[in-house]
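This report concerns only the one structure given below.
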Amino acid sequence: MAPYLETVKSFADVPIADAGVDTLAFLEAAQGVVGLFELLGSAAFVPVQNDLKGNIAKVRARYDAAPAQSSTLELLVVNEKGEKKRTATEGLMWLLRGLSFTCKALLAAQANPSTELSAAFTGSYEVTLKKFHNFVVKGIFSVAMKACPYRADFYSKLAADPAGGPPVPADKLNEELNKWLAALDNIVKRMEDFYEKGGHNKGF
């Protein structure tokens, strides 16, 4: 076993070519974000995890149905455009929103070592997902924010080796996390721009 970030695919290792972001590598890295919420250790985050899992499944189903047309996220969206139901396009859009929420929260936590996770996630929610949610969903997220563990506990879990080996030193953990977040931020911004410019978010 190894510390968490070494057990999942980093967004820094997701290939980006002229044709776009590699679909399978991206989905594998996104799966790592689902596990990240398990480290937060609260049942309040189950709806967030389920949302991420459901949207990952929609994109993967499209890839499995048409792999040649879905090798990158951009190609997948373009090739689904002519269809009546654009399930994967909508699923990917919501997946990107969930990833943006997670990314901005952790970037805020990294930028200010005195910020507690509940404050970082609440601030991120305000600028990412809140405007898309109804009253009920806002309530669910509000509970989840309050259930965030203490920053020190979360970072200890990120650094820990489940097999009992020595934890990752803080400077190495920060370096890995910063690299992971910078790559995720880059992909999210790239895809948001792609959706906006291509009008792929119309009708959702």
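The values are calculated or read from the model by the stated rules, or taken from the named source; none is laboratory data. The structure presented is a predicted model; accordingly, all values stated were derived computationally and were not measured. Counting neighbours? That spans all protein chains shown, and the Cβs are built from the backbone with ideal geometry, glycine included.
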For this session: Among the residues of the stretch 75-92, write down those that are buried (at least 17 other Cβ atoms within 10 Å of the Cβ) and not in a helix (DSSP H, G or I).
Result: ARG86
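Criterion first (at pLDDT 90 or above, more than 29 Å from ASN201 (Cα to Cα), of a type outside the set (Gly, Ala, Ser) and under 19 Å from the mean Cα position of the chain (by Cα)) does TYR125 satisfy it? Don't jump to the end; show me each part of the working.
Details: at pLDDT 90 or above: yes; more than 29 Å from ASN201 (Cα to Cα): no; of a type outside the set (Gly, Ala, Ser): yes; under 19 Å from the mean Cα position of the chain (by Cα): yes.
The answer is no for TYR125.
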Seminar exercise, completed: Among LYS197, LYS172, the single one that is part of a helix (DSSP H, G or I) and more than 22 Å from GLY32 (Cβ to Cβ) is LYS197
For this session: Could you check how many residues of the stretch 59-74 are among the hydroxyl-bearing types (Ser, Thr, Tyr) and assigned to a helix (DSSP H, G or I)?
Result: 1
Problem set entry | Test: residue in the stretch 56-71 that is within 17 Å of GLU192 (Cα to Cα) and free of Cβ contacts under 8 Å to residues at least 40 places away in the same chain | yes
Exercise. If you take the residues in the stretch 49-74 that are acidic (Asp, Glu) and surrounded by 14 or more Cβ atoms within 10 Å (Cβ to Cβ), which one is farthest from the chain's Cα centre (by Cα)?
Worked result: GLU74
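If the requirement is being under 29 Å from LEU75 (Cα atoms) and either in contact with a Lys or Arg (Cβ under 8 Å, 6 or more places away or on another chain) or surrounded by 17 or more Cβ atoms within 10 Å (Cβ to Cβ) (or both), which of these qualifies: LEU106, LEU117, LEU99? Give the steps one after another, and end with the answer.
Working: LEU106 fails: under 29 Å from LEU75 (Cα atoms); LEU117 fails: under 29 Å from LEU75 (Cα atoms).
None of the others qualify; the one that does is LEU99.
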Exercise. Assuming LYS138 fulfils every condition listed in (1) more than 19 Å from the chain's Cα centre (by Cα); (2) surrounded by fewer than 18 Cβ atoms within 10 Å (Cβ to Cβ); (3) under 23 Å from SER42 (Cα atoms) apart from one, which condition is it?
Worked result: (1)
For this session: Could you tell me which numbered condition ASP161 fails, if it satisfies all but one of (1) surrounded by 14 or more Cβ atoms within 10 Å (Cβ to Cβ); (2) at pLDDT 90 or above?
Result: (2)
